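Report on the following structure.
What follows draws every value from the coordinates through simple rules; no lab data is involved. Here the structure is a predicted model, which means the values were calculated and not measured. Note that each Cβ is placed from the backbone with ideal geometry, even for glycine, and that neighbours are counted across all protein chains shown.
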Amino acid sequence: MAIADLAARLVRCLPPEAAHRVTVAALKSGLGVPARRPEMLPGRAVKLPVSGLSLPNPIGLAAGFDKNAEAFAAMLGFGFGFVECGTVTPKPQPGNPKPRLFRLTEDRAVINRMGFNNEGLDGFVDRLSAREPGAGIVGANVGANKTTEDFVADYVTGMQAVWRYADYITLNISSPNTPGLRDLQGKSALEDLLGRCGEAGRRLADEHGFLPIFLKVAPDLDDVQIADIATAAKAAPYLHGLIVSNTTLARPITLRSAFKSEGGGLSGAPLMAPSTEVLAAFKTEVGDSLDLIGAGGVADVDDVWAKLAAGAQAVQLYSALVYEGPGLIRRILAEL
Ligand SMILES: Cc1cc2nc3c(=O)[nH]c(=O)nc-3n(C[C@H](O)[C@H](O)[C@H](O)COP(=O)(O)O)c2cc1C
């Protein structure tokens, strides 16, 4: 067993949020990080047709693990083809009261109601701007402060701050733990968001050059909502792809863990099937006009193939790391 996986097993003895804190601190200092990135075979590289992102492999780290852009270099070192930092909000905010993160071990799942705890854009941008050129693809996932008077203005502020330093931007409108945020997925709110962010995108691209923008959606959508979001996304002046999906508010009856009734978003194995269904539905709606990144429950190579078969060009994962450790990426890449 790799040292990093052993360490991951050991930190699971800590409460979940402490384990995460210790892990990020260790990664920041380079502890357990492979000296060399796993070999990136050309056969696994992908170029997303619409957004033009060239990924050395299609497996990404989903947002939420590296909220403050502290550990992306280490995570790229474990073999991720791309790492998404954030969600970052314009101002720092503490997030929800603790406890707010729960391991559902029997279900290979996680429930979180973190509520966008993060240190804000200033430090995030400093760290992102100091990264080594060519060291890997890093995206910035931006969101809105809980107390903002104008959600959309916060996304525009985030875009402006990270534009020159990220490889892509994700507009996260699907976290269930900021009251009102998911309402941005409604038809007129979404048109407003995509219009104003699209305008900002066009201006920033003129000034600083092209950057792809993704929209991250929830899995808890019916067919009408999926069709509405797809229509708005296709018509958006400056949007290149969708990330499907964030965590779910649903609680499948199959859950066994004592924590299954905790409030927040559920991720991990129980999210694999429903999020892949929603991904396939989006693929039917958008065809080849937008790139799709599949997230939700990916834990092995079969899950990767299932997301790709449903229409994704790349995938992201987070919860499986809690149970498998970062050596998981190398194992999946070897089998892909
Ligand atoms: C503890 C935790 C925190 C998360 N924080 C964020 C976040 O800040 N922004 C975001 O877009 N998604 C966040 N997510 C959602 C993940 O990025 C991902 O979409 C979701 O967990 C499904 O993937 P998974 O089943 O592989 O974990 C978080 C997930 C977890 C488990």
Mind ordering 195-203, 208-216 by average Cβ neighbours within 10 Å, highest first?
208-216, 195-203
Which log10 I(q)/I(0) values does the stretch 51-147 give at q = 0.14, 0.22 Å⁻¹ under the Debye formula, counting every alpha carbon as one identical point scatterer?
-0.58, -1.13
Using the Cα atoms of the stretch 217-260, I'd like the radius of gyration and the largest Cα-Cα distance, Dmax, both in angstrom.
14.5, 46
How much length would be gained if the chain were fully extended between Ala235 and Arg37, taking 0.36 nm per residue of separation minus their Cα-Cα distance, in nm to one decimal?
67.4 nm
Note down the Stokes-Einstein diffusion coefficient of the stretch 3-335 in µm²/s, whole number, using a Kirkwood radius over alpha carbon pairs, 10 °C, and 1.306 mPa s.
81 µm²/s
Which length gain, in nm to one decimal place, applies between Ala18 and Glu106 when the Cα-Cα distance is subtracted from 0.36 nm times their residue separation?
29.7 nm
Give the Cα extents of the stretch 246-336 along the principal axes, in whole Å, largest first.
42, 32, 17
Span from the the stretch 1-71 Cα centroid across to the the stretch 196-236 one, whole angstrom:
27 Å
If the chain between Thr254 and Ser188 were fully stretched, how many nm would it gain, using 0.36 nm times the residue separation less the Cα-Cα distance?
20.2 nm
Treat the stretch 17-102 as a sphere of radius equal to its Kirkwood radius over Cα pairs and apply Stokes-Einstein at 4 °C in a medium of 1.567 mPa s; give the translational diffusion coefficient in µm²/s, rounded to a whole number.
89 µm²/s
With bins 5 Å wide starting at 0, give me the P(r) of the stretch 56-100 over every alpha carbon pair, in whole percents.
5, 21, 24, 20, 13, 10, 5, 1
At q = 0.09, 0.13, 0.21 Å⁻¹, what log₁₀ I(q)/I(0) does the stretch 181-336 have when each alpha carbon counts as one equal point scatterer in the Debye sum?
-0.32, -0.66, -1.30
